[in-house]
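What follows draws every value from the coordinates through simple rules; no lab data is involved. Computed from a predicted structure; not experimentally measured. When we count neighbours, we look across all protein chains shown, and the Cβ atoms used for this are built from the backbone with ideal geometry, even at glycine.
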Amino acid sequence: MKNRMFLGMMLLMLFLAACESKPSSGEANESKHMEVQVMTVPEDIKSGEVSTLQAKVTIGGEEVNDVEKVKFELWKQGSTERQQRESKMQGKGMYSVQHIFEEKGVYNVAVSVTAQGLQKKVQKSVEVGDVNTDE
């Protein structure tokens, strides 16, 4: 009887050890941290002129050149009309779109990135032309 009980306990311990939780690839990605930095070229944007909006993507401090998607969304503050643009890879973790802002004012630029199983959305306000913020 003791042998059966001992054997049963050993089988139970073996079964529980086999069911031990191991991190999935999704959990492994949680330890990685994606950073997205939004920049404009030139820094001082003028209405009616071509400007370049850039997003630098890094994961764990390393530049990411194999993203699934980098999408820019642009809209003037106070407006409900939005423009969505797919980016082009420039290399060294940099993705960009060119845009002409037709009017001066404050615009919102949102960048959505999907890479290596991670997703991130960042937003930045940019001023186009001389904008008086005291109004």
Could you list, in sequence order, the residues of segment 100-135 that are surrounded by 13 or more Cβ atoms within 10 Å (Cβ to Cβ) and either in contact with a Pro (Cβ under 6 Å, 6 or more places away or on another chain) or closer than 13 Å to Val70 by Cα (or both)? Val109, Ala110, Val111, Ser112, Val113, Thr114, Ala115, Gln116, Leu118, Lys120, Val122
Residue pairs qualifying under the 8 Å Cβ cut-off, at least six apart or on distinct chains, with the first in segment 74-94 being within 17 Å of Tyr107 (Cβ to Cβ) and the second being acidic (Asp, Glu) and in a strand (DSSP E or B), are Arg82/Glu73; Gln83/Glu73; Gln84/Glu73; Arg85/Glu73
Log entry, pairs with first residue in segment 33-56 being touching a residue at least 24 places away in the same chain (Cβ under 8 Å), second being exposed (fewer than 14 other Cβ atoms within 10 Å of the Cβ) and part of a strand (DSSP E or B), beta carbons closer than 7 Å, six or more apart or on different chains, reads Gly48/Ile100; Glu49/Ile100; Val50/Gln98; Val50/Ile100; Ser51/Val41; Thr52/Val41; Thr52/Gln98; Gln54/Val41
